[in-house]
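The values are calculated or read from the model by the stated rules, or taken from the named source; none is laboratory data. Only a predicted model underlies this, so the values are computations on that prediction, with no experimental measurement involved. Because the Cβ atoms are built from the backbone with ideal geometry, glycine has one as well, and the counts that use them run over all protein chains shown. Side chains included, ligands, DNA and RNA excluded: accessible areas come from the protein's heavy atoms. Shrake-Rupley method; radii C 1.70, N 1.55, O 1.52, S 1.80 Å.
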Amino acid sequence: MGLRERKKAATRAAIRHQALELIREQGYEATTTGQIAAAADVSESTFFRYFPTKEEAVRTDDVLARVHGHFLDEPESVPLTDALRAGLRRAYAEMSGADRDEDLQRRRLMFTVPELRSSLIERHATGIGELAEAAAERTGRSATDLDVRAWAGACIGALLSVSLAVAEEGEGEPADFPDLLDSALARVQGGSFGL
């Protein structure tokens, strides 16, 4: 990235970080976009250039875009779930400890704040479509192919169930989200649920 792109990424990250912190401290309703902008040391108009709403400042998931990129970078000979798991491991390996903690905090807020939780169904439905499109690109099959859609749905279902489990565990010892998700995907891949 050039200097301009790095500055934009840093501003975006600062806004998201402050949104997470303020919502966690004050609650969703009590936190305003003006407060978030001030805490991030930007104007409110700058906030809105990066995020249309405070919900989007929390909901936006840059990790998923990195996983998606790494997934597509895997050789075509690698089976889909192996490629997805490799993309997941690479994306999280690139993150600092602070970034991983913030990702975990964001996931917890998404499931525990009612105003944010209501948008998860839409986000996960969109995620199925995005993952199906990526799988179609890797396999040469249609994104509407039932096998492709079912695979994408199973993977997003694993993501949803692990995110929910992490949110429900509370603020105690932090879970290793990528390891839990990788384990869930391995179970989907092997059809081995121990049931």
Legend entry - Residues within region 165-195 that are surrounded by fewer than 16 Cβ atoms within 10 Å (Cβ to Cβ), out of contact with any Lys or Arg (no Cβ under 8 Å at 6 or more places or on another chain), at pLDDT 80 or above and in a helix (DSSP H, G or I), tallied: 4
Inset, instruction - Output the number of the condition that residue 112 fails; it satisfies all remaining conditions of (1) polar (S, T, N, Q); (2) open to solvent by 20 Å² or more (accessible area, probe 1.4 Å); (3) at pLDDT 90 or above. - result: (3)
Legend entry - Residue that is part of a helix (DSSP H, G or I), in contact with a Leu (Cβ under 8 Å, 6 or more places away or on another chain), modelled with pLDDT under 90 and of a type outside the set (S, T, N, Q), where the choices are 123, 106: 106
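Tally up the residues in region 63-83 that are hydrophobic (A, V, I, L, M, F, W, C) and either open to solvent by less than 20 Å² (accessible area, probe 1.4 Å) or touching a strand residue (DSSP E or B) at 6+ places or on another chain (Cβ under 7 Å) (or both), please.
First pass over region 63-83, keeping only residues hydrophobic (A, V, I, L, M, F, W, C): 63-65, 67, 71-72, 78, 80, 83.
Add one more test, that the residue is either open to solvent by less than 20 Å² (accessible area, probe 1.4 Å) or touching a strand residue (DSSP E or B) at 6+ places or on another chain (Cβ under 7 Å) (or both), and what stays is 63, 67, 71, 83.
So the answer is 4.
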Legend entry - Number of the exception - residue 39 against (1) over 23 Å from the mean Cα position of the chain (by Cα); (2) in contact (Cβ under 8 Å) with a residue 24 or more places away in the chain: (2)
Legend entry - Options 57, 10: the member that is surrounded by fewer than 14 Cβ atoms within 10 Å (Cβ to Cβ) and either at pLDDT below 95 or under 18 Å from the mean Cα position of the chain (by Cα) (or both): 10
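Specify which of the listed residues (4, 89, 24) is free of Cβ contacts under 8 Å to residues at least 40 places away in the same chain, open to solvent by 70 Å² or more (accessible area, probe 1.4 Å) and either of a type outside the set (Phe, Trp, Tyr) or over 30 Å from residue 182 (Cβ atoms) (or both). Before the answer, list the steps.
Working: 89 fails: free of Cβ contacts under 8 Å to residues at least 40 places away in the same chain; 24 fails: free of Cβ contacts under 8 Å to residues at least 40 places away in the same chain.
Answer to the selection: 4.
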